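Have a look at the structure below before the remarks.
The values are calculated or read from the model by the stated rules, or taken from the named source; none is laboratory data. Remember, it's a predicted structure, so these values are computed and weren't measured experimentally. Here the Cβ positions follow ideal geometry from the backbone for every residue, glycine too, while neighbour counts run over all protein chains shown.
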Amino acid sequence: MSKIKSFTEKIWYGTGAIGLDLSYGMFYEKLYYYQTNILKLDTKFLLILSSLARVWDGVNDPMMGSLVDNTNTKFGRYRPWVMTGATLNAVVLFLLFFNPGLKLGAGAVGIYVYAAVMYVLWGMTNTAADIPYWSMVPSFTTDPKERSLISTVARAFSGLGQGIVSIIAPVILNKFGAYNSVKDGYDWTAKGYIVCAAVFGGMLLFFAFLSMSRVKETAHVKEQEKFSFRTIFEVLRHNDQLRVFILFALLSNTGFYTVSGVKDHFFNVVVAAESTASWFTLSKFNLFMTAGSVLGLVVVPIMLKFTSRRRIYQTSLLVAIAGYAGMSFSGLAHRWLLMSISYFVNQIGTASMFVSQTVFLSDVVDYGEIKMGKRKESVTFSMKGFLQKMAYTVQTIILNLTLSVVHYNKETERIAAGAQTLYSRRVINGIKGIMYIVPAVCFILSLIVFSTKFRLHGTYMEDITRQVNAAREKRLAAEAQTQAESV
């Protein structure tokens, strides 16, 4: 039975995802361009930083999940962590895009240290809010349809958060930018990024507290088992479907974040050099993305009436792949309207894919309970945040390696010094390769892994759900009997 009884309560829960994805959007969409073009950080340093940060996340994220599993306060297990994490993450988000007066350029060690510290702190504070937020889904209900509905609502608001960043951030950056007559557009400045971080950080706090103040938790029995790396490895070792989930979700997330991460470079480099369509701007391109994301969220509930979640997920990936293919063809042909429409199609598939992933991870929690005899919701859901960061790292490695090979930093310095006006064909082709090829390949590989290795569907999953419900009823009956005997 669902502890979120009404659709209104589901809405209140979902609003929390708006704030979380405002922070995500700034980090995954805007940070890399800010680091390379505003802070002038070397791409080789960023490659090392992102890789080392993921090593720490591999420790920090499961640790956070275990801390949540062992939390028991009068305010609940999850809500205190969500509100504390959101507060800290909002502060760090602002500091991440704020330079306290440190020198930039060659030999400027201070800005490199500052950027590294804030980068790691953002990941830690985001984890503190994100893991407990999404871990609440399987605790609400064991009904697959209810989980799908709760996840769809949350993903809808999550997409709204990403859409706000994608559409509003370029407007703010242009507003506080410097006009460049050569490319007939605006060069983004540090002030615009600070304003964006302040606005979105404030919205993160507002929506997190709004959501958690409206969603009430029931009493939880505190976990007796404390954090240990042995527990984490035990969960991964026994839950083979969690390992499969991590692989296919990592691949598809990498494809998604590759487009998000390279879009700013694509518009400021490729479009500035090749497009003559004055309407084709980043904000308007992202409108197609947001519209597709919203439409994609209704796909899962509608299709569930006609087919299985397995088929829905496979269809979602195929639609996303078709959208990427259309983007590649139309972009190379300079058919910008068709490229925008293809992005719209892609986002329909991507949005429904993310909804399904959240539900699948809830199923993985149930599967793990049957396999291990213990329910590890937050530890398992910590893998969701970790694989998102891993996906970001993989796309960052691809982006950094490509930009290093084509000497992006050197050309950026030459343009800033007035030695050249636009980027060379070498840089343009490198960014095109990232935008047009990498995402589609990642989604194709994800489809193959999911279709051949993921077993939590059909009658097999129905049997697992029955076992989980039976175990829960038995546990509740035992608790009721103990209370009656104590009276």
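Descriptive notes on the structure:
- Failed item in (1) touching a strand residue (DSSP E or B) at 6+ places or on another chain (Cβ under 7 Å); (2) over 23 Å from Met212 (Cα atoms), with Leu102 passing the rest: (1)
- Some residue of the range 440-449 being under 30 Å from Ser330 (Cα atoms), exposed (fewer than 15 other Cβ atoms within 10 Å of the Cβ) and within 23 Å of the chain's Cα centre (by Cα): yes
- Of all residues in the range 102-123, those that are more than 22 Å from Asn409 (Cβ to Cβ) and modelled with pLDDT under 90 total 1.
Here's the yes/no breakdown for (1) within 28 Å of Val165 (Cα to Cα); (2) free of Cβ contacts under 8 Å to residues at least 12 places away in the same chain:
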residue: Asp240; (1), (2): no, yes
residue: Val262; (1), (2): yes, no
residue: Asn268; (1), (2): yes, no
residue: Asn286; (1), (2): yes, no
residue: Arg310; (1), (2): no, no
residue: Thr315; (1), (2): yes, no
residue: Leu318; (1), (2): yes, no
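- Residues being hydrophobic (A, V, I, L, M, F, W, C), on the phi < 0 side of the Ramachandran plot and modelled with pLDDT of 90 or more are represented in the range 404-419 by at least one member.
- Flag if Asn253 is crowded, with 17+ Cβ neighbours inside 10 Å, at pLDDT below 90 and of a type outside the set (A, V, I, L, M, F, W, C): no
- Unique residue being closer than 17 Å to Val82 by Cα and either in contact with a helix residue (DSSP H, G or I) (Cβ under 6 Å, 6 or more places away or on another chain) or at pLDDT 90 or above (or both) when the list is Leu204, Leu160: Leu204
- Filter result (free of Cβ contacts under 8 Å to residues at least 60 places away in the same chain and polar (S, T, N, Q)) within the range 175-210: Asn180, Ser181
- Some residue of the range 179-193 being among the basic types (Lys, Arg), in contact with a Phe, Trp or Tyr (Cβ under 9 Å, 6 or more places away or on another chain) and at pLDDT 90 or above: yes
- Whichever residue in the range 150-182 is in contact with a Ser or Thr (Cβ under 8 Å, 6 or more places away or on another chain) and part of a loop (DSSP other than H, G, I, E, B) and, among such residues, is farthest from Thr15 (Cα to Cα): Val182
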